[in-house]
1. So, restricting to helices (runs of 4 or more DSSP H) that lie completely within segment B:1-112, which ones have at least 1 residues that are within 12 Å of chain A (Cβ to nearest Cβ) and within 20 Å of B:Tyr142 (Cβ to Cβ)?
2. Filter segment B:113-143 down to the residues that are among the charged types (D, E, K, R) and buried (at least 16 other Cβ atoms within 10 Å of the Cβ), then identify the one that is farthest from the other protein chains (Cβ to nearest Cβ).
3. Can you tell me which of B:Ser59, B:Ser55, B:Ser67 is in contact with a Lys or Arg (Cβ under 8 Å, 6 or more places away or on another chain) and over 17 Å from B:Thr109 (Cα atoms)?
4. Quick check on my filter: what residues within segment B:121-148 are in contact with a Phe, Trp or Tyr (Cβ under 7 Å, 6 or more places away or on another chain) and either part of a loop (DSSP other than H, G, I, E, B) or of a type in the set (Ser, Thr, Tyr) (or both)?
5. Confirm whether A:Tyr92 is assigned to a strand (DSSP E or B), free of Cβ contacts under 8 Å to residues at least 40 places away in the same chain, more than 10 Å from chain B (Cβ to nearest Cβ) and at negative phi.
6. Could you look through segment A:1-39, keep only residues that are small (Gly, Ala, Ser) and facing chain B (nearest Cβ under 9 Å), and pick out the one that is farthest from B:Pro66 (Cα to Cα)?
7. Is there a residue being in a helix (DSSP H, G or I), farther than 30 Å from B:Trp56 by Cβ and either within 14 Å of another protein chain (Cβ to nearest Cβ) or touching a residue at least 60 places away in the same chain (Cβ under 8 Å) (or both) anywhere in segment B:160-174?
8. Return the residues of segment A:98-144 that are within 14 Å of another protein chain (Cβ to nearest Cβ), surrounded by fewer than 16 Cβ atoms within 10 Å (Cβ to Cβ) and not acidic (Asp, Glu); say none if nothing qualifies.
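Each value in this text was obtained by applying a stated rule to the coordinates, not by laboratory testing. Treat the numbers as computed from the prediction; the structure is a model and nothing was measured. Counting neighbours? That spans all protein chains shown, and the Cβs are built from the backbone with ideal geometry, glycine included.
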Amino acid sequence: MKTQSFYTRRIHPIVVMALVSIACILVTATLHLTTLERVQTNEQFFVWRSVLDAAGVDHDGQPASVAALFEDGVSVQQDIYHVERPDGSLRYVRQIIGPGLWGPITVMVGFEDDLTTLSGVSIVSQNETPGLGARIEEAWFTGQFIGRQGPFRMVEEGTSEADDEMDAITGATRTSEAFRDIINRAVAESDSIARGQ
Amino acid sequence: MAPGMVKKTFLAPLGKDNPVFAQILGICSTLAVTNKLDNTVVMSLGVIFTLALSSWTISLLRKAIPSRIRMMVETMVIATYVIIVDIVLKAFYPDMWRQLGPYVGLIITNCIVMGRIEAFAMQNKPSLSLIDGFASGIGYAYVLLVIAFFRELLGTGTLFGFQILGSWWTGWAIMVMPPGGFFMLAIFMWIAREAFFKEGSNE
C-alpha cells in the first residue's frame, strides 16, 4: 500500500466523491424542481381546507372543490379570513400559532359574527406524539369547540358539560393544556378582529 | 451464481439473520413508528425501497469507490434515495407525509441500511445485493408490522384507524407511548429467538 501514488491517495478519492455528489444532487434537485409546484399546491390546499373547516363550510375534501369554495367565499383582510358561507352568514377565521409539547401548533380559529362564539377550530400543522397528543386533529376534539364560547377550562376526556368546559385527551395532558392556552389566547384576542374592521 | 445462493440470501434476513431481532439493528425506528399501522406500512415501504436500491447502487460502484471514502459515498447514496422517498410522499401523499414528520428523513440513519451495505453489498454482485437489501427490508417490515398490530390494537382498539374493539375497550395509553414499543419489541424478540435459535447454540 505504501507504493500508492499521490494521485491514488489524495486526488482520486476527491474526484470520485465529487462525481457521486454531482450525480446525487442532479437526481434530487430534478425531482424537487419537478414536484415543487405540486408541493406548493398541497400546502396551499391545507391552509384553504383549514380555513373552510374553521368557518364551518361543508366541503368534500377534494382539492378542486376546496379551491373553488375558497375563491368564491373568502377574502383576506389584514390576516383575517372573512368567509361568506353559502347561507350568507359571515365567519371570521384567523391563524394562531402557539407552543405545543414538542413543537409549534398552528391552528385556524373561526368566529361567528359576534366575535365570541367559535364557529370551528382546525389544525394546520402540529408535531405532537402520534396516537396521543396528535389526536388533537381528530374531529371529536376539534368539533367540541363549535358553538361554544371561551375561555375554556379543561376537564377529563368525555366529561365536559358546561359551555366553557373542554374535553382533554387522556394521556396527553400537556398537549391538551397547550391547546387550551392557544384557543384561549385566540378568544382573548378576538376583539382585534373587530378593531381591524 | 448458484440458485441456492439466491434462496439463501433471500431467506436469511427473514429468519436467523433478521436485522431487527437477530442483528438488533434499526431499533430506533422500530420503537418510534410502530404505534399506528398505517405509519408503519409507509415507513416499511420507504426502508425496503432505500435498502434494496442503495445496496444495488453501492454494489455497482463497489470497485470504483476508494476504501477510505466509502462511508461518505454510502451515506450520499442512501440520503439520495431517502430524499426521493420524502419528495414523492410530500408531493403525492401529503397527509401521510405530515403524519410521518421527521421519521422519513431518519431512514438515512437507519443502521440496517448502512449495515447491509457494509456487510454485504461491498463484497457481492449487484443482483445479489439487491436481493439482500430487499429481503432485509422485508425482514424489518414484518417485525414492525407485528409490533404495530399489537400496539395499535391494544393502545387504541383500532387497526389502520378502523375501530375493531368495541366501546367497552379502554385503550392502553402506554402501548401508544414509547415504553409500549420497548415492551412489545422485547416480547417479540423473546418469542422469535426461542423459535429461531436453539438453546445453547450460537448459530
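1. Once the helices (runs of 4 or more DSSP H) in segment B:1-112 are filtered for at least 1 residues that are within 12 Å of chain A (Cβ to nearest Cβ) and within 20 Å of B:Tyr142 (Cβ to Cβ), what remains is B:27-32, B:37-61, B:70-92, B:94-100.
2. Checked segment B:113-143; the qualifying residue farthest from the other protein chains (Cβ to nearest Cβ) is B:Asp132.
3. That would be B:Ser59, the only listed residue that is in contact with a Lys or Arg (Cβ under 8 Å, 6 or more places away or on another chain) and over 17 Å from B:Thr109 (Cα atoms).
4. B:Ser129
5. In short, no.
6. Filtering segment A:1-39 for residues that are small (Gly, Ala, Ser) and facing chain B (nearest Cβ under 9 Å), the one farthest from B:Pro66 (Cα to Cα) comes out as A:Ala23.
7. Yes, because at least one residue in segment B:160-174 is in a helix (DSSP H, G or I), farther than 30 Å from B:Trp56 by Cβ and either within 14 Å of another protein chain (Cβ to nearest Cβ) or touching a residue at least 60 places away in the same chain (Cβ under 8 Å) (or both).
8. Residues satisfying the conditions are A:Gly103, A:Pro104, A:Ala139, A:Trp140.
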